[in-house]
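I have placed the structure first, in the form of structure tokens, so that the comments after it can refer back to it.
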Amino acid sequence: MRILSFIASLVAVAKPITAFSPMATVGHQRQPTTVLQATSENVDIVKVDLTDGRDYPIYIGTEYSDQQVAEMLTSHIQGNKALIVTNDRIAPMYLEKYEQLIQEHKEVTTLVIPDGENYKTMDILQRILDKALEEKLDRKCTFVALGGGVIGDMVGFAAAIYQRGVNFIQIPTTVMAMVDSSVGGKTGVNHPLGKNMIGAFHQPQCVFIDTNTLSTLPDRELQSGIAEIIKYGLIRDAELFEWLEENMDKLLARDPSAMRYAVQRSCENKAAVVKADEKEAGLRATLNLGHTFGHAIESGSGYGTWLHGEAVAIGTAMAASMSARMGWIDQDLMERTYRLMEKANLPVELPVDSPMDQATFLKYMAADKKVANGQLRLILLKGELGNCVFTGDFDQDAMVQTIDDFVAECQGAVV
């Protein structure tokens with residue numbers, strides 16, 4: 001079956017269903033998102049609905065045939081050239097496979113860059129742009145991001161600025177990237193003064209998820225990604241949170257059915273939020289629960305010290321603690337949040353050798369992207385499970401007290 005006819009056959013017979021996707025902020029109406037269930041049992045398609053014909057599919061599956069992979073991916077490459085960018089950890093496992101499959105239909109160039117958050121820099125971004133220029137890639141080319149969140153963010157940003165914008169495809173290989181960073185078009189690199197401070201919104205042509213790749217993911221990275229799945233449950237999907245409470249052991253054991261369900265449910269939530277608020281005017285900011293505290297931990301501790309999800313887990317614990325301190329949630333919800341993250345083997349406190357102190361937290365939080373007109377705004381839990389608010393109207397003393405509690409035993413806070 002040829003490229004376009006294969007994709008057309010999937011969508012033509014797909015049955016739209018309404019997925020459970022509670023809205024994130026108290027007082028908002030709930031909105032459904034569309035899931036296209038393809039006839040092939042090994043793949044489902046979640047559609048990201050955007051304006052101006054920019055909709056794109058998220059393919060979520062397992063046990064793909066080579067023909068499926070080749071035809072799905074190349075159907076989203078408009079020109080005849082592609083640049084696959086990956087890192088030196090993923091390359092030995094998956095680069096040759098994707099290079100050969102895409103090469104059956106397109107001209108392919110590859111680039112391997114160093115792995116790690118500490119390489120998410122302008123210098124490494126320059127290597128991607130240099131490679132594209134050396135290969136004389138034009139505006140019809142497509143960049144392909146093969147890897148985790150760092151690769152996806154950097155390749156997406158390179159695509160956004162190369163010749164004022166070229167297409168790109170996301171092939172996430174980590175839980176974190178599958179359930180969060182590959183969907184929604186946020187791209188960028190870090191700056192010494194703040195995480196993800198240089199970037200652009202640039203949507204991919206498609207997101208291709210093969211959950212089989214999670215079999216090679218280190219346990220620590222698996223757990224890091226689960227932090228983002230827990231987030232969806234806390235801010236907008238109470239049923240997912242309750243499912244996680246019952247099925248966390250299956251996720252940690254990499255049960256294929258459980259993992260595919262968690263990835264798809266997360267993508268449905270992310271797609272619904274992106275549809276409602278693509279450029280993060282309000283609702284989309286709620287996806288950053290725990291991130292303001294977490295980004296401060298990443299920046300203040302040195303990039304690479306913590307995996308993103310680990311820092312977010314601690315940040316979420318801080319947000320839950322602060323919310324409970326202000327009486328916005330009951331003690332039971334805060335304790336359930338802690339228990340679930342601990343069940344996922346995620347950190348919920350800073351270690352004693354952490355360099356973090358109150359001043360370091362406040363320094364980096366003051367430079368957070370959610371600051372508006374000099375006012376810090378946070379995502380905090382409020383009300384029943386599955387509800388949150390994005391607000392600058394909170395008790396500043398409660399925030400400072402929460403920070404003090406979390407750094408009390410850290411070396412950085414000891415006078």
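For Met334, neighbours were defined as the other residues whose beta-carbon sits under 14 Å from its Cβ, and their charges (Lys and Arg +1, Asp and Glu -1) total -3.
So how much slack lies between Lys97 and Leu193, counting 0.36 nm per residue of separation and subtracting their Cα-Cα distance, in nm?
Length gained, Lys97 through Leu193: 30.8 nm.
Extension gain for the segment Arg139 to Arg164, taken as residue separation times 0.36 nm less the Cα-Cα distance, is 8.1 nm to one decimal. Between Glu104 and Ala372, the modelled labels are 4.9 nm apart [label points 7 Å from Cα along Cα→Cβ].
Comparing Leu251, Gly79, Val144 along the charge dipole axis of the chain, the residue lying farthest to the positive side is Gly79, per the Cβ-charge model.
Each label point was placed 7 Å from the Cα along the Cα-to-Cβ direction; for Asn212 and Asn247 their separation is 2.2 nm. Ellipsoid fit via the Cα gyration tensor, the chain: semi-axes of 35, 24, 19 Å, each the root of five times an eigenvalue, largest first. Taking 11 Å as the cut-off, the amide N atoms of the range 374-415 that come nearer than this to a point 7 Å along the Cα-to-beta-carbon line of Thr305 belong to 411-413.
Between Glu239 and Lys343, what length comes free when the chain is fully extended (0.36 nm per residue of separation minus the Cα-Cα distance, one decimal in nm)?
Details: separation 104, 0.36 × 104 = 37.44 nm, distance 1.76 nm.
Stretched out fully, the Glu239 to Lys343 stretch lengthens by 35.7 nm.
Based on C-alpha pairs under 8 angstrom that are at least 6 apart in sequence, the chain has a relative contact order of 15 percent. Compactness ratio for the range 222-269: Cα radius of gyration over 2.2 N^0.38 Å (N = residue count) comes to 0.99.
Where in the range 296-348 are there chymotrypsin sites (Phe, Trp or Tyr not before Pro) that are in a DSSP coil and have at most 13 other Cβ atoms within 10 angstrom of their Cβ?
Passing both the DSSP loop test and the Cβ count: no residue.
Run lengths n ≥ 4 of DSSP H only: what is the helix-derived mean residue ellipticity at 222 nm for the chain, with -39500 (n - 2.57) per run over all residues, to the nearest 500? -13000 deg cm²/dmol, from helical runs alone. For the range 233-302, the list of GluC sites (Glu not before Pro) that fall in a loop by DSSP and count at most 15 other C-beta atoms within 10 angstrom is empty. Residues whose amide H lies under 5 Å from that of Asn87, counting only those 5 or more places away or on a different chain, are Ile113; hydrogens are built 1.01 Å from N in the peptide plane. Only Cα sites of the range 74-138 enter the Debye sum here, all with the same form factor; the resulting log10 I(q)/I(0) across q = 0.21 1/Å is -0.93, listed in q order.
Using a Förster radius of 22 Å, what is the FRET efficiency between Asp55 and Ala200 based on their Cβ-Cβ separation? Nearest 0.05, please. It comes out at approximately 0.65.
Report, to the nearest whole %, how much of the accessible area of the range 300-415 belongs to carbon and sulfur atoms, 1.4 Å probe, protein only. On the range 300-415, the fraction of accessible area on carbon and sulfur atoms equals 46 percent. For the range 287-415, the calculated P(r), taken from all Cα-Cα distances in 5 Å bins from zero up to the bin holding the longest distance, is 2, 12, 21, 26, 21, 13, 4, 0 percent. Near the amide H of Phe143, within less than 5 Å, lie the amide hydrogens of Leu83, Asn167, Phe168, Ile169, all on another chain or at least 5 residues away, with H placed in the peptide plane. What the Cβ-Cβ distance of Leu362 and Asn118 gives, at R0 = 30 Å and to the nearest 0.05, is a FRET efficiency of 0.80.
Under unit Cβ charges (Lys, Arg +1; Asp, Glu -1), what dipole magnitude, rounded to 20 debye, does the range 81-151 have relative to its Cα centre?
Approximately 220 debye in magnitude.
The values are calculated or read from the model by the stated rules, or taken from the named source; none is laboratory data. All of these numbers come straight from a predicted model, not from anything done at the bench. In this analysis, Cβ positions are derived from the backbone assuming ideal geometry, glycine residues included, and neighbour counts consider all displayed protein chains. The protein model used for the area step is the full one, side chains on, heavy atoms only, and it has no ligands, DNA or RNA in it. Shrake-Rupley method; radii C 1.70, N 1.55, O 1.52, S 1.80 Å.
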